Amino acid sequence: MAREKTSFRTTLTLAKADVGSIGGHIKPGERLLDLVRNFLNRMGKGLLSDFDVMHTGDDIALLLVHSRGRNDKRIHKMIWDAFTAAAEDAAKQGLYGAGQDLLKDAFSGNIRGLGPAVCELEFDERPNEPFLVFAADKTEPGAYNLPLYLAFADPMYNAGLILSPGMFKGFRFTIMDVAYTKGDRVIELDAPERLYDIAALLRDNERFVVESIQSRQTGEQCVAVSTTRLHNIAGKYTGKDDPVMLVRVQGAFPATGEVLQPYRIGHFVGGFMRGSHTGPLMPVKRNSSISWFDGPPIVSCSAYCVHGGKLTEPADAFDHPFWDYVRNEVSRKAIDIREQGFSGPAMLPYSELEYGGIVAKMKELDKEFRIRK
Ligand code: F6R
Ligand code: MG
Ligand code: MG
């Protein structure tokens with residue numbers, strides 16, 4: 001069959017925010033999701049070619065499809081307005097933490113820096129264009145570091161690196177230093193040549209975060225991660241950043257199953273209760289809620305194809321008997337680390353403890369110390 005030609009230039013904009021949830025930080029509820037869907041249906045006319053709305057834990061994620069490119073003011077304004085409308089309704093409903101992630105009072109041209117997490121990909125659609133939407137809750141953007149490293153740079157996880165000529169040249173990682181707040185401090189490193197340098201940075205999930213990945217074969221970007229650090233914006237604890245990510249798959253990019261494979265590990269990440277603990281990242285179904293110890297940290301994955309700016313229905317990538325088994329194993333890991341409560345690595349280091357109370361407590365205790373003669 002002859003391949004259909006398409007030169008459709010598509011932008012995917014993925015944004016998420018916690019604007020209020022039911023019963024603590026569990027989930028936003030159907031009323032709020034419906035409100036956002038209706039809002040986008042109304043306001044997206046003439047702007048969006050398609051959209052989808054979902055939630056992961058207490059965060060609402062908006063997937064917007066359009067042809068206006070990245071950092072488009074009208075698209076970003078629409079996201080801000082959608083979350084603001086949702087936050088107002090959340091307040092009316094008496095939802096917990098209404099407006100939690102909207103950290104500024106007004107829109108100022110770009111959604112970045114205002115609280116919601118956002119990432120975007122712009123590309124000429126391939127004749128068939130499969131891609132994945134990841135949304136995580138109760139964790140930080142660096143939670144994607146290890147899965148991305150394994151899926152894009154390690155032939156133990158990505159068989160295509162040794163089997164598929166389109167991937168032989170490897171991938172370029174753009175990594176951001178998220179501790180730097182005066183601008184975007186980034187480094188570009190090529191795998192496989194700079195593998196050890198990439199690993200040296202990515203070991204530090206709190207500080208160095210994969211922002212994007214590019215194919216060295218085609219020059220095309222295939223990964224975009226939200227790298228917002230809420231506490232850098234707010235200057236204090238406001239909740240973990242709960243990152244979203246877009247990944248184009250197949251062909252010159254890793255296969256969906258290769259991108260998914262590292263999530264079998266349930267690797268330990270920062271987040272969990274009060275954004276202050278270590279817990280394993282559990283792959284969950286779309287629209288899952290939060291539960292045990294305000295966790296565990298979770299990640300969902302919705303798979304789509306986009307064609308001429310129109311989305312297929314989502315396929316739930318972690319809704320499969322295999323992942324039920326994984327979830328049981330990850331639960332075991334979560335129980336193991338929780339059994340030691342506050343002790344040692346079960347809780348995050350001082351710099352990442354996002355509730356300030358302990359700092360005041362330590363100052364008080366400090367006065368009671370005596371140096372023994
Ligand atoms: C973590 C999170 C929750 C809250 C916890 C206390 O990201 O959202 O674990 O930190 O439920 O919430 P507050 O301080 O709102 O009572
Ligand atoms: Mg929350
Ligand atoms: Mg959240």
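The values are calculated or read from the model by the stated rules, or taken from the named source; none is laboratory data. If you're wondering where the values come from, they're calculated on a predicted model, not measured in any experiment. Here the Cβ is made from the backbone with ideal geometry for all residues, glycine too, and neighbour counts use every protein chain on show. These area figures cover heavy atoms from the full protein model, side chains too; ligands, DNA and RNA do not enter into them. Shrake-Rupley method; radii C 1.70, N 1.55, O 1.52, S 1.80 Å.
Summary of computed values
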| quantity | calculated |
| --- | --- |
| Those residues of segment 84-101 which are without any contact (Cβ under 8 Å) to a residue 12 or more places away in the chain and within 16 Å of ligand 1 (Cβ to nearest atom), in sequence order | 94 |
| Which numbered condition residue 280 fails, given (1) more than 13 Å from ligand 1 (Cβ to nearest atom); (2) buried (at least 24 other Cβ atoms within 10 Å of the Cβ); (3) over 25 Å from residue 171 (Cα atoms) | (2) |
| Of all residues in segment 207-241 being within 16 Å of residue 147 (Cα to Cα) and not in a strand (DSSP E or B), the one that is nearest to ligand 3 (Cβ to nearest atom) | 226 |
| Of the criteria (1) assigned to a loop (DSSP other than H, G, I, E, B); (2) under 24 Å from residue 311 (Cβ atoms); (3) more than 18 Å from the chain's Cα centre (by Cα), which one residue 70 fails | (3) |
| Scan of segment 119-148 for residues that are open to solvent by 10 Å² or more (accessible area, probe 1.4 Å) and assigned to a strand (DSSP E or B), ordered by number | 120, 122, 124, 130 |
| Residue in segment 43-54 that is open to solvent by 10 Å² or more (accessible area, probe 1.4 Å), farther than 24 Å from residue 125 by Cβ and either touching a strand residue (DSSP E or B) at 6+ places or on another chain (Cβ under 8 Å) or modelled with pLDDT of 95 or more (or both) present | yes |
| Check on residue 78, open to solvent by less than 20 Å² (accessible area, probe 1.4 Å), free of Cβ contacts under 8 Å to residues at least 60 places away in the same chain and either out of contact with any strand residue (DSSP E or B) (no Cβ under 8 Å at 6 or more places or on another chain) or more than 19 Å from residue 299 (Cα to Cα) (or both) | yes |
| Residue within segment 149-165 that is touching a Phe, Trp or Tyr at 6+ places or on another chain (Cβ under 9 Å), under 22 Å from residue 229 (Cα atoms) and either open to solvent by 40 Å² or more (accessible area, probe 1.4 Å) or at pLDDT 95 or above (or both) present | yes |
| Flag if residue 107 is touching an Asp or Glu at 6+ places or on another chain (Cβ under 8 Å), surrounded by fewer than 24 Cβ atoms within 10 Å (Cβ to Cβ) and not in a loop (DSSP other than H, G, I, E, B) | no |
| Residue 272 vs. criteria aromatic (Phe, Trp, Tyr), within 13 Å of ligand 1 (Cβ to nearest atom) and in contact with a strand residue (DSSP E or B) (Cβ under 7 Å, 6 or more places away or on another chain) | yes |
| Breaking point among (1) over 28 Å from residue 272 (Cα atoms); (2) in a strand (DSSP E or B); (3) open to solvent by less than 30 Å² (accessible area, probe 1.4 Å), for residue 188 | (3) |
| Of all residues in segment 55-65 being more than 16 Å from ligand 2 (Cβ to nearest atom) and in contact with a Lys or Arg (Cβ under 9 Å, 6 or more places away or on another chain), the one that is farthest from residue 288 (Cα to Cα) | 65 |
| Complete set of residues in segment 171-189 that are within 14 Å of residue 150 (Cα to Cα) and either in contact with a helix residue (DSSP H, G or I) (Cβ under 9 Å, 6 or more places away or on another chain) or of a type in the set (Asp, Glu) (or both) | 171, 173 |
| Pair list, Cβ < 9 Å and 6+ apart or interchain, from segment 39-51 residues that are touching a residue at least 24 places away in the same chain (Cβ under 8 Å) and part of a loop (DSSP other than H, G, I, E, B) to residues that are of a type in the set (Ser, Thr, Tyr) and surrounded by fewer than 20 Cβ atoms within 10 Å (Cβ to Cβ) | 49/67 |
| The listed residue being within 16 Å of ligand 1 (Cβ to nearest atom), open to solvent by 40 Å² or more (accessible area, probe 1.4 Å) and closer than 20 Å to residue 135 by Cα, out of 22, 60 | 22 |
| Failed condition for residue 30, given (1) in contact (Cβ under 8 Å) with a residue 12 or more places away in the chain; (2) away from ligand 1 (no atom under 16 Å from the Cβ) | (1) |
| Selection count, segment 81-102, where residues are within 15 Å of ligand 2 (Cβ to nearest atom) and crowded, with 17+ Cβ neighbours inside 10 Å | 11 |
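Residue-by-condition table, conditions (1) more than 18 Å from the chain's Cα centre (by Cα); (2) open to solvent by 20 Å² or more (accessible area, probe 1.4 Å):
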| position | (1), (2) |
| --- | --- |
| 275 | no, no |
| 292 | yes, yes |
| 309 | yes, no |
| 314 | no, yes |
| 319 | yes, yes |
| 336 | yes, yes |
| 342 | yes, yes |
| 346 | yes, no |
| 349 | yes, yes |
